[in-house]
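Right, one structure below, let's go through it.
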Amino acid sequence: MLAQKQAEEAIVFNNETTTEHDGTKDEEKLPENHSIFSVKNLLWHGGSAWDAWFSCSSNQVAQVLLTLPYSFSQLGMLSGIILQIFYGLIGSWTAYLISVLYIEYRTRKEKENVNFKNHVIQWFEVLDGLLGPYWKAVGLAFNCTFLLFGSVIQLIGCASNIYYVNDRLDKRTWTYIFGACCATTVFIPSFHNYRIWSFLGLGMTTYTAWYMTIASIHHGQVEGVQHSAPTKLVLYFTGATNILYTFGGHAVTVEIMHAMWKPQKFKYIYLIATLYVFTLTLPSASAVYWAFGDQLLNHSNAFSLLPKNAWRDAAVILMLIHQFITFGFACTPLYFVWEKVIGMHDTKSMCLRALVRLPVVIPIWFLAIIFPFFGPINSAVGALLVSFTVYIVPSLAHILVFRKASARENAAEKPPKFLPSWTAMYCLNIFIVVWVFVVGFGFGGWASMTNFVRQVDTFGLFAKCYQCKPPTPPKH
């Protein structure tokens with residue numbers, strides 16, 4: 001307990017006496033001097049546990065909320081509910097492991113008098129400091145690729161959603177437009193500056209989730225509705241990997257922690273965020289699937305089946321704004337990596353940093369135009385990237401970092417009260433590694449890639465308008 005308290009005090013001291021990456025003044029960063037009368041501080045400089053909770057909650061439930069009914073049509077109601085709870089809980093556990101490893105890395109570095117002034121710690125640096133360069137390469141490869149495609153998915157989602165409000169432009173054209181809009185996220189310095197955006201984003205998603213629930217119940221079941229899932233293994237594991245992807249916001253966990261005044265408070269924030277997310281995802285996915293059943297198999301975006309009215313249009317617009325925010329969440333760590341590669345990470349000029357960040361947006365924009373497959377790409381990313389980034393790598397890293405008795409004895413964070421044994425932690429970590437590798441990566445990878453290839457064969461690359469209604473013939 002003494003070692004843990006010293007570690008916490010060291011991290012708090014470092015956070016309170018150094019400048020945050022975005023150039024915040026020391027007195028603005030201190031929670032006790034955080035003036036509620038400053039509009040800039042109130043909206044811009046967030047580092048509390050509440051800020052972290054809003055960031056985690058908001059980052060979990062963006063466009064994937066619209067694809068969960070599609071997953072239920074592949075899995076069936078019972079499997080959909082059980083897998084959401086299962087992956088939500090083990091996702092919260094691995095987020096906890098990441099927070100423990102961050103605290104361990106930070107504590108060790110501060111004992112060496114390393115100063116993190118004007119430097120944002122990232123997951124691959126934690127792996128490098130604790131396990132060496134090979135693990136750094138693994139973390140960098142999986143995290144960056146996941147964040148890249150996570151950003152692509154947000155861009156595809158923007159184009160898909162706005163099409164249901166205004167179909168005079170095809171989805172590809174909307175992708176061009178929203179690519180330019182999302183590029184403005186280069187001006188947001190770090191997660192320390194997402195306070196108002198995270199708050200608004202979660203409010204928007206909450207509205208959308210409950211709109212989907214109420215609208216589906218009010219609409220009632222369509223005539224001849226069928227709930228035949230599960231019918232095929234390919235569809236079943238495709239839906240399962242989309243749910244695995246749903247609770248995989250861990251790629252930004254370290255950056256969110258680093259933006260906190262007291263990052264050791266993060267330990268249970270992700271679990272509390274997940275419990276709130278359940279109140280959004282479970283009712284909305286269940287209600288939409290109950291109302292439309294097997295029709296969802298050909299409609300990966302739930303908006304395409306809900307009746308067009310002002311309530312739906314409001315949900316679409318709010319979800320668009322939230323997807324812009326989530327695009328920034330996914331891209332910001334990529335901006336940091338790119339800044340470090342070209343030696344611009346410690347530059348204080350925001351305009352200069354925004355300029356050098358722009359090349360990161362271009363490949364994201366291009367990939368969204370090549371692969372505009374809204375639901376299938378979620379599953380493919382979940383199986384091939386999230387399975388390692390979110391579940392397997394953190395579990396293995398925790399086992400290896402604390403494999404020696406000396407490391408366990410001097411650990412900055414001891415096992416949690418609800419699982420006080422190191423052996424129990426190892427057993428749980430090993431179960432997660434085996435389960436996710438076999439079911440998530442193995443079966444899920446096979447199923448999602450099979451489904452993805454079918455979409456490419458059906459619609460082709462650079463599809464102009466994926467899953468759009470055929471144009472209405474002109475009246476004579």
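Tabulated values for the structure
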item: Surface share of carbon and sulfur [accessible, 1.4 angstrom probe, percent] for the stretch 97-186; result: 57 percent
item: The stretch 249-367: Rg to Rh, with Rh as the Kirkwood radius over Cα pairs; result: 1.07
item: Accessible surface of the stretch 387-460 [probe 1.4 Å, protein heavy atoms]: carbon and sulfur percent; result: 70 percent
item: Solvent exposure of the stretch 228-269 as accessible area per residue, Å², 1.4 Å probe; result: 27 Å²
item: Packing-based order for 295-303, 326-334, using average beta carbon neighbours within 10 Å, highest first; result: 326-334, 295-303
item: Distance between the stretch 381-415 and the stretch 268-321 - C-alpha centres, whole angstrom; result: 33 Å
item: Relative contact order of the stretch 110-266, defined on C-alpha pairs under 8 angstrom at six or more residues apart (%); result: 28 percent
item: Reciprocal of mean inverse Cα separation for the stretch 85-221 (Kirkwood radius, Å); result: 18.9 Å
item: Surface accessible to a 1.4 Å probe, per residue, for the residues of the stretch 48-113, Å²; result: 26 Å²
item: Between the stretch 91-168 and the stretch 45-82, the Cα center-to-center distance that results, in Å; result: 18 Å
item: Per residue solvent-accessible surface (Å²) - the stretch 311-415, probe of 1.4 Å; result: 33 Å²
item: Which listed pairs, of K136/K340; K136/K265; K265/K414; K109/K262, have C-alpha distances above 19 Å, in listed order; result: K136/K265
item: Ranked packing of 433-443, 257-267, most packed first, by mean Cβ within 10 Å; result: 257-267, 433-443
item: Average Cα contact separation per residue, the stretch 350-437, under 8 Å, 6 or more apart, as relative contact order %; result: 32 percent
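The values are calculated or read from the model by the stated rules, or taken from the named source; none is laboratory data. Model, not experiment: these values are computed from the prediction. A quick note on method: Cβ atoms are made from the backbone with ideal geometry, for glycine too, and the neighbour counts reach across all protein chains shown. Heavy atoms of the whole protein, side chains included, go into the accessibility calculation; ligands, DNA and RNA do not. Shrake-Rupley method; radii C 1.70, N 1.55, O 1.52, S 1.80 Å.
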